[in-house]
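J.: This is the structure, below, for whatever I ask next.
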Amino acid sequence: MAAALHFAGVKASHSIVPRNSLQQQSLLPQQLSFATSIASSAVQCLRTSWTGYSRRVLKVSCEATKFDVIGKNKSANVSFLQNENQLSCVMKFGGSSLASSERIREVADLIRSFPNERPVIVLSAMGKTTNKLLLAGERAVSCGVTNVSCIDELSFIKDLHIRTANELGVDVSVIEEHLEDLEQLLKGIAMMKELTPRTKDYLVSFGECMSTRIFAAYMNTMGVKARQYDAFEIGFITTDDFTNADILEATYPAVAKRLYDDWISDPAIPIVTGFLGKGWKSCAVTTLGRGGSDLTATAIGKALGLREIQVWKDVDGVLTCDPNIYPHAHPVPYLTFDEAAELAYFGAQVLHPQSMKPAREGDIPVRVKNSYNRNASGTLITKSRDMSKAVLTSIVLKRNVTTLDIVSTRMLGSFGFLAKVFSIFADLGISVDVVATSEVSISLTLDPSKLWSRELIQQELDHVVEELEKIAVVNLLQGRSIISLIGNVQRSSLILEKAFSILGNLGVNVQMISQGASKVNISLVVDNNEAEQCVKALHAAFFESDLPALDIGQTN
Ligand SMILES: Nc1ncnc2c1ncn2[C@@H]1O[C@H](COP(=O)(O)OP(=O)(O)O)[C@@H](O)[C@H]1O
Ligand SMILES: N[C@@H](CC(=O)OP(=O)(O)O)C(=O)O
């Protein structure tokens, strides 16, 4: 059986074939028609909301352009022939790739160097614009309304964007209204003398709104048809957690529909603001947490079921450690989604902590590339990779964490104790990173990114301790660092033996150790002031084994 249908305006053909002859015989005409209609709907859902669909109706498993539709007593194998002119990949460029008109030219040239791709482009704000906007907001709180136009950061932002537009030959009118609105907003902040998380999100959104408008206009002047989109206008629906919102499931079909519909009716490269969304209750602009454009890119990749998600940075891929800590770090060619997620979650600035989730759900490869060195092969992140030779992949350092040692006063049984401790954190909305437990004690670290302002940190910590002290003796220690060893934890004995030998030689006392269930991460907690030298020594031992200085045996 073959049929043709329009999926979000894309003409696609599909055929439905019973999975094997036995099932063919067992399929009654009405069952086949059910499978046909399910498959038709599934094709419409294809590349949008697989998981939601499968939960409601039946199991749908997808492999490239084929998928199985499996219901109770009914099944079909559906082939989906993609239209060759569909959107093909996402290319995300961060602030470091868009720092000046010269960089924007290079990025446009880079995009045009892939004539066979029909990419969706996701952009961050230019250079350090987001930081400058936040600083401008903070200054506005105390500078008085009449002084707003003299805020240095505002002048910097205006100058950067107007100069960039002029240098690219783009009409400044594409951003003029935004620059005026930005100044008005800062005056509002000055008048109210406060900068709420909600206002902060609206404030920083000007960065992405302006960079995408300039870029789209520039592409059009170069003869490449491009269309600008504000993510909050095309279906990026999020929670209302300002400054750190989560993308909601409704985003995927909405974004797919909007981008495909526009593409079909009038093809133009979509240029989408990274980092931004719209709160589902407030309808206000939200942001996805710092570095959130990576997440925008992977969400679009999943929504459209694209072939690949590329994130273009200013480094040759994900490196063996933060190059700011150790300049001799080198690129890691392959990573799994789990490794990349763990690495990002434990503090590697290179990827947003949540960005691997949509890519993993859509099983879409993520490639981390260098926009300054496009020929470097970068890092390819996929569902699985050959781990047979892998030992350590990367070392990540997260500074300034707080640890809590919680020892039960035995008022509760061991089960009740653990449950109570974690319910206290859940009630206070505080994330825990690393945990080590015994029957009567727990040591854990608290995620600093969830504790937004300084005042709140102390207030929240006091509150946590107060609650915990009802059931335990609590020891709070600040100024700690987590060193995460990301890699093949199947070889944890080798990793730990080597790591402890290095740290022992340095005379460093490891205060906590934890191996997560993810099987890709071993975390060690040490003092802040020892952390950097530990990372350097571990890097030398695991990745530069020919260095004679450390007697640490053979690396793999
Ligand atoms: N393990 C790591 N691998 C690569 N880069 C890292 C790592 N840890 C930290 N970084 C930092 O992350 C930066 C790239 O991320 P980011 O600034 O978010 O780029 P962009 O703004 O282009 O998205 C690099 O310049 C590097 O300094
Ligand atoms: N501009 C935002 C979002 C972002 O993703 O930026 P970048 O891609 O430059 O890290 C930020 O600075 O957080």
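The values are calculated or read from the model by the stated rules, or taken from the named source; none is laboratory data. Being a predicted model, the structure only gives us computed values, none of them experimental. Because the Cβ atoms are built from the backbone with ideal geometry, glycine has one as well, and the counts that use them run over all protein chains shown.
J.: Cβ-Cβ under 9 Å, sequence separation 6+ or interchain: first residue in the range 226-253 and basic (K, R), partner assigned to a loop (DSSP other than H, G, I, E, B). Which pairs?
T.: Close Cβ pairs satisfying both conditions: R227/D266; R227/A268.
J.: Further, regarding this structure: Within the range 386-435, work out how many residues are surrounded by fewer than 17 Cβ atoms within 10 Å (Cβ to Cβ) and of a type in the set (D, E).
T.: Total satisfying the criteria: 2.
J.: Among the residues of the range 218-229 satisfying the criterion of being out of contact with any strand residue (DSSP E or B) (no Cβ under 7 Å at 6 or more places or on another chain) and surrounded by fewer than 22 Cβ atoms within 10 Å (Cβ to Cβ), which is farthest from N166 (Cα to Cα)?
T.: Filtering first and then ranking leaves G223.
J.: What number of residues in the range 315-363 are within 13 Å of ligand 1 (Cβ to nearest atom), touching a Ser or Thr at 6+ places or on another chain (Cβ under 7 Å) and of a type in the set (D, E, K, R)?
T.: 2
J.: Are there any pairs with C-beta distances below 6 angstrom linking a residue in the range 280-307 that is within 16 Å of ligand 2 (Cβ to nearest atom) to a residue that is of a type in the set (D, E, K, R), with the two at least 6 apart or on different chains, and if so which?
T.: V285/D201; T286/D201; T287/D201; S293/K92; A297/K92
J.: Of the residues that make up the range 129-139, is at least one free of Cβ contacts under 8 Å to residues at least 12 places away in the same chain and assigned to a helix (DSSP H, G or I)?
T.: Yes.
J.: In addition: Just the residues that are within 21 Å of the chain's Cα centre (by Cα) and either in a loop (DSSP other than H, G, I, E, B) or away from ligand 2 (no atom under 16 Å from the Cβ) (or both), please, taken from the range 83-98.
T.: Selection gives S88, C89, G94.
J.: Conditions: (1) free of Cβ contacts under 8 Å to residues at least 12 places away in the same chain; (2) within 16 Å of ligand 2 (Cβ to nearest atom). K357 meets all but one. Number of the miss?
T.: (1)
J.: Turning to a different aspect of this structure: Would you call D201 buried (at least 17 other Cβ atoms within 10 Å of the Cβ), within 16 Å of ligand 2 (Cβ to nearest atom) and within 30 Å of T146 (Cα to Cα)?
T.: Yes: the conditions hold for D201.
J.: Same structure again: Which residues, taken from the range 111-132, are of a type in the set (A, V, I, L, M, F, W, C), away from ligand 2 (no atom under 16 Å from the Cβ) and at pLDDT 95 or above?
T.: Once the filter is applied, which keeps residues that are of a type in the set (A, V, I, L, M, F, W, C), away from ligand 2 (no atom under 16 Å from the Cβ) and at pLDDT 95 or above, the range 111-132 yields only I111.
J.: Which strands (runs of 3 or more DSSP E) does the range 334-438 wholly contain that include 2 or more residues that are within 23 Å of G305 (Cβ to Cβ) and at pLDDT 85 or above?
T.: 334-336, 366-370, 379-382
J.: Looking at the range 222-230, is at least one residue of a type outside the set (G, A, S), at pLDDT 95 or above, out of contact with any helix residue (DSSP H, G or I) (no Cβ under 8 Å at 6 or more places or on another chain) and more than 16 Å from ligand 1 (Cβ to nearest atom)?
T.: Looking for residues that are of a type outside the set (G, A, S), at pLDDT 95 or above, out of contact with any helix residue (DSSP H, G or I) (no Cβ under 8 Å at 6 or more places or on another chain) and more than 16 Å from ligand 1 (Cβ to nearest atom), one finds none in the range 222-230, hence no.
J.: With respect to L343, is the statement that it is over 15 Å from C89 (Cα atoms), surrounded by 24 or more Cβ atoms within 10 Å (Cβ to Cβ) and away from ligand 2 (no atom under 16 Å from the Cβ) true?
T.: Spelling it out, it is not the case that L343 is over 15 Å from C89 (Cα atoms), surrounded by 24 or more Cβ atoms within 10 Å (Cβ to Cβ) and away from ligand 2 (no atom under 16 Å from the Cβ).
J.: Just to be sure I understand, how many residues within the range 311-336 are farther than 12 Å from S377 by Cα and within 16 Å of ligand 2 (Cβ to nearest atom)?
T.: Residues meeting the conditions: 7.
J.: Restricting to the range 84-96, give me the number of residues that are within 13 Å of ligand 1 (Cβ to nearest atom) and at pLDDT 95 or above.
T.: Within the range 84-96, residues that are within 13 Å of ligand 1 (Cβ to nearest atom) and at pLDDT 95 or above number 5.
Per-residue answers, yes or no, for (1) in contact with a strand residue (DSSP E or B) (Cβ under 7 Å, 6 or more places away or on another chain); (2) at pLDDT below 90:
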| residue | (1), (2) |
| --- | --- |
| V440 | yes, yes |
| D447 | yes, yes |
| E460 | no, yes |
| V465 | yes, yes |
| L494 | no, yes |
| L503 | no, no |
| K519 | no, yes |
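J.: Moving on. Based on this model, can you work out whether I269 counts as on the phi < 0 side of the Ramachandran plot and away from ligand 2 (no atom under 16 Å from the Cβ)?
T.: The answer is yes for I269.
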